[in-house]
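So the structure is just underneath, and the comments pick up after that.
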Amino acid sequence: MQGTSMATPLVAGIAALVKSEFPGENSAQLRDDLLRAVDPLPALADKVATGGRINAYKAVARSTVAVRDGVLRVQAGEGQRNHFTLSRPFTDRILVEDAWTPPYQDPMGGSRLMPGPGCGRLSDTRVLCTSDGVGSIAVDAGDLDDTISTVDGLAASVDCGTGADTLVFDAHDDARTGCEGQTSRPDPRPPAGPDPNPLPPPDPVLLPAPKPTPAPGPGGAVGGTSSSGAPARDTTRPTAAVARRNKRIRLSRKGRLTFKLGPVSEAVTGTATFSSRRKLVRGKRVAVFGRTRFKVGAGRRVSVRVTLSKANRKRVRRLKTVTTDARFVLEDAAGNTRTIRFRFVLRRP
Ligand SMILES: [Ca+2]
Ligand SMILES: [Ca+2]
């Protein structure tokens, strides 16, 4: 079974599943959930927006992580095999992880971590919390077979729940319930001083729904969609405003094409790929004629320059104009990516 007509009911079915589990979500949140719940597949890298295939387990498996009243609480949802790992990379931070099992590995495990007060998301399965004022840790792994590794040097209360569970703990006065396999951890590694970076921003999904903003004019924010209304703000992915869009760009006499995008909301690295249909590079239906990498700081504009080959320069001169597709893939320090596409007309010098 393949193709969009097959994929549509599958995605719609998973959307219904998410909606029944989390009825309070609005459509922007639901869309965000579906775009995150994929197994990346190399074969789909350039074919679909997410570069992956939807995974129903990933769409609904969620755990919450928050600091309340001096306790860091990790609460698993129902029907999840969790692999909670707590660590202390910095003296003032606690890192909580619940990694997905690799695609095709059965049974599925891991969960998307939803950061509450005192915590922020690094990626879907990694959350960083403050340890300021945190006196103890409470982990509830819930049903099914879970593995839990607690943080060093903090009293933990671990409830492994039902299932065959495995716990790795340090010699602290930990309270442990329902954990069958237990291992004491050897000497902890000391944390690397205070974290020089601020905590990641709070989870946009837990924030009140964003107010609709007026349609973006020139230089407006660009989200996942381009023309249909104001996109939802997504602080976990790099955003960029558009400087040149649907414009005509003139090729320089030396065959250079300069394209500007930005400014970007945070420091990003990325690639820009330029392709045209048939006209440049003979014999191919869609041909890439330029590709370049870039690296820019927060608040700066992405400016890329591509030089056309001599043969392609000649073709642009002959054709006068060439419809060109530009594809920008931005990646922030935490590994979140965003793809932005444009179509513009390349003009001869
Ligand atoms: Ca569990
Ligand atoms: Ca369990």
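The values are calculated or read from the model by the stated rules, or taken from the named source; none is laboratory data. Worth saying up front: this structure is predicted, and the values here are computed from it rather than measured. In this analysis, Cβ positions are derived from the backbone assuming ideal geometry, glycine residues included, and neighbour counts consider all displayed protein chains.
Table for the structure above
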quantity	calculated
Subset of segment 63-93 (residues that are part of a strand (DSSP E or B) and either within 9 Å of ligand 1 (Cβ to nearest atom) or not β-branched (V, I, T) (or both))	S63, A66, R68, L72, R73, Q75, A76, H83, F84, L86, S87, R93
Only listed residue being farther than 30 Å from A287 by Cα and within 16 Å of ligand 2 (Cβ to nearest atom), chosen from T101, T91	T101
Filter result for V96 (of a type in the set (V, I, T) and away from ligand 2 (no atom under 16 Å from the Cβ))	yes
Given (1) within 16 Å of ligand 1 (Cβ to nearest atom); (2) part of a loop (DSSP other than H, G, I, E, B), number of the condition I148 does not satisfy	(2)
Counted residues, segment 154-182 - those being over 31 Å from the mean Cα position of the chain (by Cα), more than 16 Å from ligand 1 (Cβ to nearest atom) and not in a strand (DSSP E or B)	5
Residue that is surrounded by the fewest Cβ atoms within 10 Å (Cβ to Cβ), among those in segment 43-62 that are part of a strand (DSSP E or B) and either hydroxyl-bearing (S, T, Y) or modelled with pLDDT under 90 (or both)	R53
Extreme residue, nearest to S157 (Cα to Cα), among residues of segment 86-109 that are more than 20 Å from the chain's Cα centre (by Cα) and among the β-branched types (V, I, T)	I94
Options V345, V306, V322, V288; residue that is assigned to a strand (DSSP E or B), without any contact (Cβ under 8 Å) to a residue 24 or more places away in the chain and either farther than 19 Å from P263 by Cα or more than 33 Å from the chain's Cα centre (by Cα) (or both)	V288
Matching residues in segment 7-42 - criterion: being within 23 Å of V329 (Cα to Cα), at pLDDT 85 or above and assigned to a loop (DSSP other than H, G, I, E, B)	A37
One residue from G133, G181, G163, G142 being out of contact with any strand residue (DSSP E or B) (no Cβ under 6 Å at 6 or more places or on another chain) and either among the hydrophobic types (A, V, I, L, M, F, W, C) or farther than 30 Å from P198 by Cα (or both)	G163
Breaking point among (1) in contact with a Ser or Thr (Cβ under 9 Å, 6 or more places away or on another chain); (2) without any contact (Cβ under 8 Å) to a residue 60 or more places away in the chain, for D92	(2)
Test: residue in segment 153-164 that is at positive phi, surrounded by 15 or more Cβ atoms within 10 Å (Cβ to Cβ) and within 16 Å of ligand 2 (Cβ to nearest atom)	yes
Qualifying positions in segment 110-152 - within 16 Å of ligand 2 (Cβ to nearest atom) and within 21 Å of the chain's Cα centre (by Cα)	G110, S111
Candidate set: segment 134-145, residues that are more than 22 Å from W100 (Cα to Cα) and either at pLDDT below 90 or not in a loop (DSSP other than H, G, I, E, B) (or both); chosen: the one farthest from ligand 1 (Cβ to nearest atom)	G135
